Amino acid sequence: MSARPPAATTRPTRSCSACSNPALEPVVAERLRKAKTPQAKEAALLSLKVCDPAVGSGHFLIRAAHRIAHHLASVRGGEEEPVPAAYRAALREVISHCLYGVIFPRKSGLGFS
């Protein structure tokens, strides 16, 4: 017999694969590489547009917001690990400028049963 924990107590070590997938990183790195000044880097990050056409729980957009905000706060503060207040300010700005999502109501007749 194996000493395996009951199924109810096992939890995945990661969130959904789309949320933890760093697919946004190459796009961010390219934008930052092309921008030469801190102001240009800031503008490049805030010009990113991330759209989730099937928002659901919003995890994809939340993860994207956190990734972009970390880069933005780092550019503004000149440090790799930004201070919490700068990070929160960057997160608010990223959410208001960069994220878009679509939610279809279940009764819209667009393929939901």
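What does the charge add up to near A44, with Lys and Arg as +1, Asp and Glu as -1, over the other residues with Cβ less than 15 Å from its Cβ?
Details: positive: R31, R33, K34, K36, K41, K49, R67, R76; negative: E25, E30, E42, E93.
Value of the local net charge: +4.
Charge tally for R31 (other residues, Cβ to Cβ under 14 Å; Lys, Arg +1; Asp, Glu -1): +3.
Residues whose amide H lies under 5 Å from that of V50, counting only those 5 or more places away or on a different chain, are L99, Y100; hydrogens are built 1.01 Å from N in the peptide plane. The residues neighbouring L91, those whose beta-carbon lies less than 13 Å from its own, together hold a net charge of +4 under the Lys/Arg +1, Asp/Glu -1 convention.
Quick one: Debye curve from the alpha-carbon atoms of region 42-83 only, equal weights, vacuum; give me log10 I(q)/I(0) at q = 0.22, 0.31 Å⁻¹ to two decimals. Values, matching the q order: -0.73, -1.04.
What the Cα convex hull of region 22-104 gives, in volume per residue, is 88 Å³.
Laboratory data are not the source of any read-out in this text; all were calculated from the coordinates shown. Here the structure is a predicted model, which is why all the values come from computation and not from measurement. We place every Cβ from the backbone using ideal geometry, glycine too, and count neighbours over all the protein chains shown.
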